[in-house]
1. Can you tell which of Lys129, Lys134 is exposed (fewer than 14 other Cβ atoms within 10 Å of the Cβ) and either touching a Gly at 6+ places or on another chain (Cβ under 8 Å) or under 21 Å from Ala193 (Cβ atoms) (or both)?
2. Among the residues of the stretch 30-45, is there at least one that is of a type outside the set (Gly, Ala, Ser), within 20 Å of Thr182 (Cα to Cα) and assigned to a strand (DSSP E or B)?
3. Looking only at the stretch 60-83, how many residues end up being part of a strand (DSSP E or B) and in contact with a helix residue (DSSP H, G or I) (Cβ under 9 Å, 6 or more places away or on another chain)?
4. Of the conditions (1) surrounded by 18 or more Cβ atoms within 10 Å (Cβ to Cβ); (2) under 18 Å from Arg183 (Cα atoms); (3) not basic (Lys, Arg), Ala95 satisfies every one except a single condition; which number is it?
5. So Ile170 fits all but one of (1) modelled with pLDDT under 95; (2) part of a strand (DSSP E or B); what number is the exception?
Amino acid sequence: MLREKLKNYNIILASGSPRRQAFFKKLDLDFTIQVKEVEEIYSEELNRSNITDYLSRLKASVFKDLNKNDVLITSDTIVWLNGKALEKPKDFKEAKQMLQNLSGQMHEVITSVCFTSKEFQKTVNDITKVWFKKLSEEEIDFYIENYKPFDKAGSYGIQEWIGYIGIEKIEGCYFNVMGLPTRLVYKTLSEIANR
C-alpha cells in the first residue's frame, strides 16, 4: 500500500540492526541499506528523548551526498532508568549490572527516528514504559550466557526469553521496545508520500 505511494522516493535505511531491517520488510517497503560509522557522543546535559533525537540526527549528518528523491532514515534507542541512559553493554559484567538495575523496576525505552532528504528533516520519537519483575541472579546469568544481548540497549530484547519470563507489563508500543516505533514510521512516511 505505502510502497506504491512511495514509488518516486528512494528509501535508505541507515541501520545495521537486523531487527530494524526486518521491520522495514514487514512494513512492505522498498528500501536499501547504507550504514556509515559515526561516533555516538552527546552532551551530558541532554536527557531522555533529547539524547535519541540528537543521535538519530547525528547519524544522518554523515550522509553528505543524498540525491533529490532520497529519504534517509536513521534511528537510535536508549533505555532510561533513574535519570540515566542505558546503552549497549560492553561485556558480561556490564550486562549483568544493567539487568540487576532493571530488575523489579519500571524503565522507559525511548526511540527516535530521523527522516532526512535534500529538502527537509523530520525527527519523531516514542516512549514505552516497561515493568520488570524481580529477576534472580540465576535468571540473569542464564539469559546473558544464552542470548548474549551485547547489541541491545539496556542488555535485553523483549522478544527473547527474558521478555517471556520477566516483563510484567508495558505501556505503549511493543515494537518500540524492539527498537522501532513502526506505526510512527508508517505515519511519517505516509505524510512524506503525500507532500
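1. Lys134
2. Within the stretch 30-45, one or more residues are of a type outside the set (Gly, Ala, Ser), within 20 Å of Thr182 (Cα to Cα) and assigned to a strand (DSSP E or B).
3. 11
4. The number of the failed condition is (2).
5. Every listed condition holds for Ile170 apart from (1).
A quick yes/no check of all residues on (1) free of Cβ contacts under 8 Å to residues at least 60 places away in the same chain; (2) surrounded by fewer than 17 Cβ atoms within 10 Å (Cβ to Cβ); (3) of a type outside the set (Val, Ile, Thr):
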{"residue": "Ser17", "(1), (2), (3)": "no, no, yes"}
{"residue": "Ser43", "(1), (2), (3)": "yes, yes, yes"}
{"residue": "Tyr54", "(1), (2), (3)": "yes, no, yes"}
{"residue": "Arg57", "(1), (2), (3)": "no, yes, yes"}
{"residue": "Ala60", "(1), (2), (3)": "no, no, yes"}
{"residue": "Asp65", "(1), (2), (3)": "yes, yes, yes"}
{"residue": "Asn69", "(1), (2), (3)": "no, yes, yes"}
{"residue": "Ile73", "(1), (2), (3)": "no, no, no"}
{"residue": "Gly83", "(1), (2), (3)": "yes, yes, yes"}
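The values are calculated or read from the model by the stated rules, or taken from the named source; none is laboratory data. Everything numeric in this text was worked out from a predicted model, so none of it was measured. For neighbour counting, all protein chains shown are included, and Cβ atoms are generated from backbone atoms with ideal geometry for every residue, glycine included.
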